[in-house]
Structure formats: C-alpha cells, structure tokens
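Engineer: One structure, as structure tokens, below. Some questions next.
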Amino acid sequence: MLPRRRNGSRPISRDAERLLDLLNTLGGTTFRQLLWQKASPLDLTYAQSQVLFYVDEHPGCHMGDVAKAFSVTLPAVTHIVDRLEEKQFVQRSADVADRRAYVLELTRRGAEIARDLKAARMEGLERVVGRMTPSQRGQAVEGLEALVEAALAGPRRSPR
C-alpha cells in the first residue's frame, strides 16, 4: 500500500516524520534547557513543572481538570500532586461544594517558583525566536496553530 498523499504532493508520512523530528529537536533547545536548569535544583520533573503551571493558571482547579488537560489518568495526577505537596509547592484542600473532590492551589513558594520558571522559559524562547525574521515568526505561529487545530479536531478515519 502506498503512503497517502496530500494534494498530490509528498507522502503525509514523510511530513509527519519530519515534523516529529523538528518538534523533538525543539524540545531540547535553549528555552527548554533554561527551564530545566531552574527546575533541576528543585528536584522538579518536567511533568511536575507543567502541573505547577496549570494550577498557577487555574487556581482552585480540580485534580480531574488537570488529568483532562494533560490527557492522563487521575492516579497519575495524584502522584504528581503528592510530590508537589511534599515540596510545599501545591496545597490540596476539600472542595466546599463537593467534599469528595479536591481543589488545588499554589502555595506562596509554589507561585514564586512558577513565576521564575515561566520567566526562564520565556527568556529562552525569546532568544530562539529573536533569531527569526518577523515573517518567519508569523509562519511558525500559523503552522503551529494549524497543527494544534488539526490535533484538536480528533481522529479522522483513514480511507480504505
């Protein structure tokens, strides 16, 4: 069977493979390294930092909200939140509207760390995009927006 083609051009699989390679390369670049330099001494994993950012942006969220946002199981979120609580970055408390549920908020220290990590992440990303022309930046944003839109559209049935 031949690979599917987009509008008679290159095979989709080649584009997908190239895109995956580019995203993996981007993941190891300057801005990710700067974030890691700040997070590593705090013994903070990448997943923990992402949950920290989410709770910072959604104070009072439920653990189920976090699980849904990252497409992971509730036990996985519970494990991450347990570690963040041990480090005194997150506070978990009973939801007054539903005592079976917990809401999450950052502690003062957690908020400071989230702010510092976000600043490091932004500093690194600005360094990277600062090397691009305004036109290249616009194209990158448009391309990533299209990629996210396609991903959020859900799976499409492949032709038989």
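The values are calculated or read from the model by the stated rules, or taken from the named source; none is laboratory data. This structure is a prediction, so every number in the text was calculated from the model and none was measured. Reconstructed Cβ throughout: ideal geometry from the backbone, glycine too, with neighbour counts over all protein chains shown.
Engineer: Which pairs have Cβ atoms under 6 Å, sit 6 or more apart or on different chains, and link a residue in the stretch 39-51 that is surrounded by 15 or more Cβ atoms within 10 Å (Cβ to Cβ) to one that is polar (S, T, N, Q) and modelled with pLDDT of 85 or more?
Structural biologist: A39/S49
Engineer: When residues of the stretch 1-49 are filtered for being small (G, A, S), more than 21 Å from the chain's Cα centre (by Cα) and modelled with pLDDT of 85 or more, how many remain? Give the derivation first.
Structural biologist: Of the residues in the stretch 1-49, the ones small (G, A, S) are 8-9, 13, 16, 27-28, 39-40, 47, 49.
Checking the rest, the ones that are also more than 21 Å from the chain's Cα centre (by Cα) come to 8-9, 13.
From what's left, modelled with pLDDT of 85 or more: 13.
The total comes to 1.
Engineer: Ok, one more. Consider L125 against the criteria (1) within 30 Å of R137 (Cα to Cα); (2) without any contact (Cβ under 8 Å) to a residue 12 or more places away in the chain: it satisfies all of them except one. Which criterion is unmet?
Structural biologist: So the condition that L125 fails would be (2).
Conditions tested, residue by residue: (1) over 21 Å from the mean Cα position of the chain (by Cα); (2) modelled with pLDDT of 90 or more.
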position: D65; (1), (2): no, yes
position: R99; (1), (2): yes, no
position: A120; (1), (2): no, no
position: T133; (1), (2): yes, yes
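Engineer: May I ask you to list the residues in the stretch 59-70 that are surrounded by fewer than 15 Cβ atoms within 10 Å (Cβ to Cβ) and in contact (Cβ under 8 Å) with a residue 40 or more places away in the chain?
Structural biologist: P59, G60
Engineer: Ok, one more. Is the stretch 147-157 home to any residue that is in contact with a strand residue (DSSP E or B) (Cβ under 8 Å, 6 or more places away or on another chain) and not in a helix (DSSP H, G or I)?
Structural biologist: No, the stretch 147-157 contains no residue that is in contact with a strand residue (DSSP E or B) (Cβ under 8 Å, 6 or more places away or on another chain) and not in a helix (DSSP H, G or I).
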